[in-house]
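The values are calculated or read from the model by the stated rules, or taken from the named source; none is laboratory data. Not measured: the values here are computed from a predicted model. Cβ placement follows ideal geometry from the backbone for every residue including glycine, while neighbour counts extend to all protein chains displayed. Surface accessibility is based on the protein's heavy atoms, side chains included, excluding ligands, DNA and RNA. Shrake-Rupley method; radii C 1.70, N 1.55, O 1.52, S 1.80 Å.
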Amino acid sequence: MRMSGNFRLLLLVVALFLVVLLSKPTTHSVDFLVYYHAARVLVDGHGALYGPQSGIGWPQIFRYPPLFLLAFLPFALLPLKTALVLWVALKCAALFFAVKALAVQNGFPRTGWWWLIPVCVCGGFIVQEFRFGNAQFLIFVLVAAALWSLRQRPVFSAFLLALAVSLKVWPLFFLPYVAARRHIRVAFLTAAFVIGLTLLPAVHFGWRGNIALLRQWTAQEWGTGSLGQQAWFPSQSLGGVLQRYLTAMDFSNWPDPNYPHVNFVAMDPRIVRSLWMVLTVIGYGGLLLLARAEPVHLDSLTDALSFCALPLLQPFAYRPEMVVLLWPAMTAGALLARREALPRWPRFLLWAAVLLEALQPLAPGAQMQRFFQAAGVDCWATCLLAAGLLAVWLQSRRAEDPVIGSIGCPGCRIRRMTVCGFLDAIRANGKSISSVGRSVGRDVPSFVCLAWLLLSSPRNNCIHSIIPHGADRNPADRSKPPDHMRAKEVISNADVDQCARRTGRIES
């Protein structure tokens, strides 16, 4: 599938614009200056690599593992402006190939102006990240490439993910995710590659020198990685938004002390930190359950959900770091382009996220922009985007299982054979309620489904048409093994349609 000429021309214009723009104001590329000065310390042989005196001074200190220094060393050997132009050109090339791969994978429309959806959602983050010269987008491309090649080239996927983890620690978020997707071998290979790549700088620094640098980096990042410690920007993660809403923050020590207070209570920060940790465990556990239960054709949608969960669940989420939303933004654009097949609620949630991100830059005045950042508009837009993709995921999951979809058990992870066996148990023991209870009691998933059926019976009369069929069944047929055809005998097409309409599964 080829991309449209308009889309290709847009990427080329954006790439040239960014190269020209960023080649002049080098003082605005503060993150690139941090990398450059740290690598120059390595070349010159004097100065601090970590701590308050590293980089260009607090808060722009160097925060990356030692391997990043060696990887960035070729840029430090060039003049500053030349190195910056090459750095941005490399990122523009990565942007082009990433967008092209995502367009092919998600079936993005060849014509039309649907590309405005990912531009509205993620364009501001990409422009800001490219302007600052951060390495976040390159790390995102490494992780995305690892997920793309997860099934076809597992060893290559493990190496790419390990390289991303060794350069910047946040891709470690995806190691349990890969294991939950039943790629245990890739997860173990990734861990082995991470150990090897972490020890690789010992070739340059020596064994003791590398261990000393790793200790300095760990001690530095342990302090900045905790919620509420050494923050100097309005984080767009769930923890940062909760902190600003539920605690009285002091902005006087920030580089920009003019952010407004948006808190409506003043709770103990330790309580807020505990609440954030509980929500993080619940959210990440839910993501792992989705990864474990996913069918193959929902791989890309589950990956998009994982990139939504990353900025929400991490301790800090700076706006340039939210370029990882490119994957879910492209997925949302492809889904909204097929608006006839997209249900109402997912479509509403996705459009709400797009409009929220599109209207935010249009707000006049710096103080209004500070208010939007303090209020966490990017966080709430990401929540809407994740909710819309999750609704599509759940409906796609139900659509492939007509028995569960017709019964309407929300969030039920019981497979079709389990439900069919449960229905056969009712039919086979229709004259003995105690026997049914003992049979169901031994099967917890079936018991959960039975409880839902009983609770929903006042508003769903289809349940009354299921059980009598089993009670009136011929006793000579009770010895036959359960199969899907017997489930279809119990639930007629008319009953399925009636049940689906009453529970809101399909439109009348």
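Loop only per DSSP, at most 13 neighbouring Cβ atoms within 10 Å: give me the GluC sites (Glu not before Pro) in the range 305-369, ordered by residue number. Write down the numbers at each step before the final one.
Working: sites: E321, E340, E357; in loops: E340.
For GluC sites (Glu not before Pro) across the range 305-369 that sit outside H, G, I, E and B with at most 13 neighbouring Cβ atoms in 10 Å, the list reads E340.
Rolling a 1.4 angstrom probe over the protein heavy atoms, how many square angstrom per residue are accessible across the range 305-361?
On the way: 2050 Å² over 57 residues.
On a per-residue basis, the range 305-361 sits at 36 Å².
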Original post:
Any idea how far apart L362 and L86 come out in nm if each label point goes 7 Å out from Cα toward Cβ?
Top reply: 4.2 nm
Original post:
Given a 1.4 Å probe, how much area per residue of the range 142-268 is accessible, in Å²?
Top reply: 48 Å²
**OP:** Compute the relative contact order of the range 206-313 as a whole-number percentage, counting only Cα pairs closer than 8 Å that sit 6 or more residues apart in sequence.
**Re:** 24 percent
Original post:
Where Lys and Arg each count +1 and Asp and Glu each count -1, what net charge lies around R319 among other residues with Cβ under 12 Å from its Cβ?
Top reply: -3
**OP:** Name the long-range amide H neighbours of F251: under 5 Å, sequence gap of 5 or more, or other chain; modelled H, no Pro or chain starts.
**Re:** none
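Carbon and sulfur atoms: what percent of the 1.4 Å accessible area of the range 129-172 do they account for? Don't skip to the answer; put the middle values down first.
Working: 990 of 1400 Å².
In the range 129-172, the share of accessible area belonging to carbon and sulfur is 71 percent.
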**OP:** Count charges around S54 for me, please; just the other residues with Cβ under 14 Å from its Cβ, Lys/Arg as +1, Asp/Glu as -1.
**Re:** -1
Original post:
With every protein chain left in place, what is the accessible area of R347 in Å² (1.4 Å probe, nearest 10)?
Top reply: 70 Å²
Original post:
Where the accessible area of the range 232-387 is counted over protein heavy atoms with a 1.4 Å probe, how much of it, in %, is carbon and sulfur?
Top reply: 69 percent
Subject >> Computed accessible area, Y284, all protein chains, 1.4 angstrom probe, square angstrom >> reply: 40 Å²
Original post:
Per-residue accessible area for I56 at 1.4 Å probe radius, Å² rounded to 10?
Top reply: 80 Å²
Original post:
Can you work out ³J(HN,Hα) from phi for every residue in the range 67-75, in order, using Karplus 6.51 cos²θ - 1.76 cosθ + 1.60 and θ = phi - 60°, giving whole Hz and x for Gly and Pro?
Top reply: 4, 4, 4, 5, 5, 8, 4, x, 6
Original post:
In the range 97-161, which chymotrypsin sites (Phe, Trp or Tyr not before Pro) fall in coil by DSSP and have 13 or fewer other Cβ atoms within 10 Å?
Top reply: W113
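With a Förster radius of 60 Å, plug the Cβ-Cβ distance of F233 and A399 into 1/(1 + (r/R0)^6) and report the FRET value to the nearest 0.05. Mind dumping the intermediate values first?
Details: r = 42 Å, r/R0 = 0.70.
So the FRET efficiency works out to roughly 0.90.
The range 187-277: which chymotrypsin sites (Phe, Trp or Tyr not before Pro) are DSSP loop and have at most 13 other beta-carbon atoms within 10 angstrom? Write down the numbers at each step before the final one.
Numbers: sites: F188, F193, F205, W207, W217, W222, W232, Y245, F251, F264, W276; in loops: W232, F251, F264.
Filter output for the range 187-277: F264.
State whether the range 260-394 is rounded, prolate or oblate according to the following rule on the C-alpha gyration tensor (a ≥ b ≥ c being the square roots of its eigenvalues): a/c under 1.5 gives rounded; otherwise a/b larger than b/c gives prolate, and the remaining case gives oblate.
Working: a/c = 2.26, a/b = 1.27, b/c = 1.78.
Note, shape of the range 260-394 comes out oblate.
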Original post:
Please state the Cα pair-distance histogram of the range 317-395 with 10 angstrom bins from zero: what percent is in each bin?
Top reply: 17, 49, 26, 8, 0
